[in-house]
Amino acid sequence: MNPTRKRRMTIVISVVAAAVVAVSLTVFALQQNMNYLFTPSQVQGGQATQYQTFRLGGMVKSGSIQRSSDSLKVSFIVIDAGGAMPVEYTGILPDLFRDNQSVIASGRMDGARFIASEVLAKHDETYMPKELKDAMAKAHENKKIDEAAAKDPVQ
Amino acid sequence: MIPELGQFALILALLLAIAQGILPIVGAWRGNAALMAVARPAAAGQAVFVTAAMAILIWAFLSFDFSVAFVADNSNLALPWYYRVTAVWGAHEGSMLLWVFILNVWTVALAALSRHLPQPFVARVLGVLGLLGVGFLAFIVFTSNPFMRELPMPADGGDLNPVLQDPGMTFHPPVLYMGYVGFSVAFAFSIAALLGGELEQAWVRWARPWTNVAWAFLTGGIVAGSWWAYAELGWGGWWFWDPVENASFMPWLVGVALIHAQAITEKRGSLPAWTILLSLFAFSLSLLGTFLVRSGVLTSVHAFASDPRRGLYILGFLIVVIGGSLLLYAIRAPKVAGGKAFAVVSRETAIMIANLLFATSAAMVLLGTLFPLIGDALNIGKVSVGPPYFGFLFVLLMAPVVLLLPFGPYLRWGRADGKSLATVAARAGIAAVICAVAAWYFADGKLRAVAGVAGAAWVAVGTLSYVAKRWREMPRGRRFPAEMAGMLFAHFGVAVFLMGVMLSESLSVERDTRLAPGQTETIGGYAFRFDGVQETTGPNWRGDQGIVTVMQNGETVHVMHPQKRIYTRGQVQTESSIDAGIFRDLYVALGEPMDAANVEGPWALRVYYKPFIRWIWLGGLLMTLGGFVTAGERRFRAKRVAASETPTEPAPAVGKATVA
């Protein structure tokens, strides 16, 4: 090979090598950090068993919020139209967290309970994350999400 | 009656924008000077009507005209006047109007400051900007009319979202939009260059100050947004890798690559096609950002109630703009080539490597941000990508940039000499090691803190040593041309930013705690004593105000007053209290009373100690300053310049072509 070709070869090889490294690192990072969203009925249907951590989405059941008297531990129940899941969280809840609000919590299962490490805050009280709307609609193909929300009129 | 005038103004602006978008481009194509001359008056007319619409909307807010639905939704009688003004961009319709208004600010500035450019070129640039105006004005007029009436008129309005009732929100959106929209100028220059086949260096020189100013505004806007999130969202974070933040960060990353690529193309004529491509991407990502924020397709802490149909329009607009510009690029760019050759060790190569890293970062952020949509399309379920993905890859991609940074100014165009590089590496390396050892001692061996201090010292000493070199070697008055001074400010800003990020991330103490009045929580050597809450009221809210006395070594440092507000419409909003300092912030936010019926009792509190966090924004502000200073370079303002003007630095003998 003449020097020019050799140089071009080196450049091509290094570019390909860099691309391979970049792609594999990206795939690795993606795999480590994918967070799936499930509703309580999907979790109870066994769809989340293969995931260590995931996000749980639904509505906060009215009257289910209970605070511990001596720590920041709080428990509440997240429902969708066909399931209910007790959730435990230690920390300060976002401003818009209250009964009948849609909520997304990330964490893991501990027995039948969901231990949340983070509860999503929202900026807008009328806002419901689209993916949560979709997930809840999907969990109950025959039951419209609006009906589920209408049972707990809040806004 | 007055709101209808606003709507008429918008429609007239749309018609003028159509004229501005079509006639001058046709004129430039046909060589018809009369048609080209339409550009400036049409732009001025559009600006007048858009400004009128903006003024009318502000007036509607100031005069409590609740018959306008947008005003009724976003303000009420108790809202103070300054928040009624900022409420204009507090929701969708108004913020789109702000977008168009700022587009007009840029267009008018360009029309006024481009007298020295060739007429066909200016006609094309203003024409492209006119077409963008058409896209957004049609969007406002047909889908998001801020002057829509609501009858019967309500007695009082709703409220501006409480998180937006904050001084930070006053600046953040306009400044950010100045950046977003500012990239439209670089975009228009590139399209004009592609259309006209003027692919020499000249157009890049004209585009550079505009791009730098836009980038500086974008940087400032992101800094303001980060500061606002820190102070207002009540949990003390400054960056969340949230889709909406990413939306502003992607054009920023491409913008960094662009301002550096422009320097190569302007001074050496190399890589013009790459520079054009980056200009197209920077603006496309700005549009994508607008789409992401406005369509609500992604779950975000910043997401507001939104209308997917509007998203569809923006998506269509996006496809036309990106698809059209890339098509034009594909047809015209192969003819673009040339410039001076450069060696492997040269400033060009270093900038190219950094460019690739920044472009890859932007692609990485794009992939992570859009992943929920990809997951949807592939039917693998509702999935999103967590912040560690971004954190991991971004640090990995930026580490080489930090390593390269000190060499930047020392590298000569064409071919660099190894000796000065070795000197600066030795100096910066020694400084980094010394600072790392010191940091090891002070930060108890926390690796991230040590790495941050070492990296910051490496960049800072490398940059300062170049300052010293210029000072020694150049005669007074020629030491720091604006372009170079701006670069040095921005690079030094990187050091400050790095220091802030790494130290605050690794040394912060964040504690959520339960405190009864009189109880104390000690973190970071500060004792926070909770002294209970008292009632307090504001213009449109009432709330509880906590009293937290902070003591260090028995002496009172500060008395903090975090608030829990309830706005007229019942929205609850946490107002954190921050004792700011150069070396540390103390941050207190109220959670909720442990027993809702007894506010006199114990409360949940967030008590944070955040060392060096202010350096993050200080670094960002230095970068902003750098962008503005660079734009002041006298060379950019020169009358028509020959393409092969001598660069500011004497160019060394150029090596043979080594990169084909």
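What is chain B's relative contact order, in percent, from Cα pairs under 8 angstrom and six or more apart in sequence? Mind showing how you got there, number by number?
Values: 1215 pairs, mean separation 83.0, N = 660.
It rounds to 13 percent for chain B.
Using the scaling law 2.2 N^0.38 Å as the reference, what is the normalised Cα Rg of the stretch A:34-121? Can you show the working numbers first?
Details: Rg = 12.0 Å, N = 88, 2.2 N^0.38 = 12.1 Å.
For the stretch A:34-121, the normalised Cα radius of gyration is 0.99.
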With 10 Å bins from zero, work out the P(r) of the protein assembly as shown over every alpha carbon pair and list the percent per bin. 2, 12, 21, 24, 21, 13, 6, 1, 0
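For residue B:511 and residue B:600 in the same chain, what is the full-extension length gain: residue separation times 0.36 nm, less their Cα-Cα distance, in nm?
Working: separation 89, 0.36 × 89 = 32.04 nm, distance 2.15 nm.
Stretched out fully, the residue B:511 to residue B:600 stretch lengthens by 29.9 nm.
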Using a 10 Å cut-off around each Cβ of peptide A:5-12, what is the average number of partner chain Cβ atoms that fall inside? 1
Using amide H atoms built in the peptide plane, which far-off residues or other-chain residues are under 5 Å from residue A:96 H to H? A:122
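Divide by every residue of chain B the summed helix terms, -39500 (n - 2.57) for each DSSP H run of at least 4, and state the resulting mean residue ellipticity at 222 nm, rounded to the nearest 500 deg cm²/dmol.
Values: 20 runs with 404 residues, N = 660.
After summing the helix terms and dividing by residue count, I get -21000 deg cm²/dmol.
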Hey, which of these cross-link pairs are over 21 Å Cα-Cα: B:446/B:610; A:133/B:382; A:61/A:133; B:267/B:419; B:419/B:469? B:267/B:419
In the stretch B:33-58, whose amide N lies under 16 Å from the spot 7 Å out along Cα-to-Cβ of residue B:15? List them in ranges. B:42-50, B:53
Dipole check, the stretch A:1-82, charges on Cβ (K,R +1; D,E -1), about Cα centroid: among A:58, A:77, A:34 the Cα furthest to the positive pole belongs to A:34
Mind checking the alpha-carbon convex hull of chain B and giving the volume per residue in Å³? 174
Residue separation times 0.36 nm, minus the C-alpha to C-alpha distance between residue B:55 and residue B:551: what's the value? 173.6 nm
Please report the Cα spread of the stretch B:1-160 along all three principal axes, rounded to whole Å, starting with the longest. 58, 26, 21
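Kindly state, to the nearest 0.05, the FRET efficiency for residue A:112 paired with residue A:133, given R0 = 45 Å and r defined as their beta-carbon distance.
Details: r = 26 Å, r/R0 = 0.57.
Given R0 = 45 Å and the Cβ-Cβ separation, E is 0.95.
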Could you please rank B:465, B:248, placing first whichever residue has the fewest other Cβ atoms within 10 Å of its Cβ? B:465, B:248
Environment charge at residue B:504 (Cβ cut-off 14 Å; Lys +1, Arg +1, Asp -1, Glu -1): +2
Pairwise label distance in nanometres, residue A:8 with residue A:32, each label 7 Å out on the Cα-Cβ vector: 3.9
Between residue B:30 and residue B:115, Cβ-based FRET efficiency (R0 25 Å, step 0.05) works out to 0.65
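How much net charge surrounds residue B:229 when only other residues with a Cβ under 12 Å from its Cβ are counted (Lys, Arg +1; Asp, Glu -1)? Before the final figure, lay out each step's value.
On the way: positive: none; negative: B:166, B:232, B:242, B:245.
That works out to -4.
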To the nearest 0.05, what FRET efficiency results for residue B:421 and residue B:373 with a Förster distance of 45 Å applied to their C-beta separation? 0.50
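Within the set of other residues whose C-beta is less than 15 Å from the C-beta of residue B:419, count the net charge using Lys and Arg as +1 and Asp and Glu as -1. Write out the running numbers ahead of the final one.
Numbers: positive: B:412, B:415, B:427, B:469; negative: B:417, B:473.
Cβ neighbours under 15 Å give a net charge of +2.
Read-outs: derived from the displayed coordinates by stated rules, not from any lab. Worth saying up front: this structure is predicted, and the values here are computed from it rather than measured. Glycine also receives a Cβ, built like all others from the backbone with ideal geometry; neighbour counts cover every protein chain displayed.
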